[in-house]
Each structure stands twice: as structure tokens, then as C-alpha cells.
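Working notes, structure below.
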Amino acid sequence: MTKALLLLALLGLLTQPAARGQSNPARGPIHGTPTTPGIDHMPLADYLGLLRQIAPSAEAGATDYLAAFERRCGRALTTTELRQAMSAGDGDPVLMGLIRASHLGDAAARERLAGQIRCPARGAR
């Protein structure tokens, strides 16, 4: 339970908007517009890399979620959409389930959860 709370707390910190002028030492400054802080423009690979630093199962669950979403919905999620799925309320239940299943090595649960991805209505993001 403590590990789960710690993971959620770290994910919450990761999904908060980046401060203006923040930089990634490996890639230089993270740029944003006045209305959209830098994390909204972070490349998906960088976001997944941050998840990997928090917990490898967080990255694996997010990767499963991204693949299942693209398969079922016919388009890729943006970094912003993945960040919102991580942070909205308690997080998207399917995404949180995929992270947990990845942590437990439960392939059957990962497959079952991937089939539960919901596609947004056309035009909604």
C-alpha cells in the first residue's frame, strides 16, 4: 500500500506543469508558450523516460496503454493526453490497472485491461 501511495505521489509531481525556464540536463531547456507550460510539449519518449525513473512498471503500463489506445481508437495519444490520464482524479482506472498488472507481471490482466480502453468521442481530446 505504501509503495502504491508513493508511486501515485511521484506521478502527481511528474504530471504537474513544469516551471517556466526548467531544463532537462540531457536535452536542454523545456520550452512552453505563455499559456501552455513546457511539460505539455514534452516528447512522449521523454515523458516515458521520466516514468521509468519513478518505476519501471509505470513506464511499462503506460506503454501498454498507449499501444492499446492506438489499436482500439485508431490514433496515438499525445503526451498531454497521457499526462491527463495519469493525473485526472485517481488516474484513468485502466491505466492504473495496467501499471499494477505490469508490476505484478500479470499478463492476463494486462490483456484484459487493454481491451477496456475507451476511445474519446470524435473531435474530443
ALA68 being among the small types (Gly, Ala, Ser), closer than 19 Å to CYS119 by Cβ and modelled with pLDDT under 90:
no
Filter segment 89-105 for residues that are touching a helix residue (DSSP H, G or I) at 6+ places or on another chain (Cβ under 6 Å) and in a helix (DSSP H, G or I); the one that is nearest to GLY115 (Cα to Cα) is VAL94
Restricted to segment 85-98 and to residues being within 16 Å of TYR47 (Cβ to Cβ) and either at pLDDT 90 or above or of a type in the set (A, V, I, L, M) (or both), the residue surrounded by the fewest Cβ atoms within 10 Å (Cβ to Cβ) is ALA88
| said: Among the residues of segment 104-122, are any at pLDDT below 90 and in contact with a Cys (Cβ under 6 Å, 6 or more places away or on another chain)? | reply: yes
| said: For segment 13-33, check the following and say yes or no: at least one residue is at pLDDT 50 or above and part of a helix (DSSP H, G or I). | reply: no
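The values are calculated or read from the model by the stated rules, or taken from the named source; none is laboratory data. Since the structure is predicted, the reported quantities are computational estimates derived from the model, not experimental observations. Every residue, glycine among them, receives a Cβ derived from its backbone with ideal geometry; neighbour counts consider all protein chains shown.
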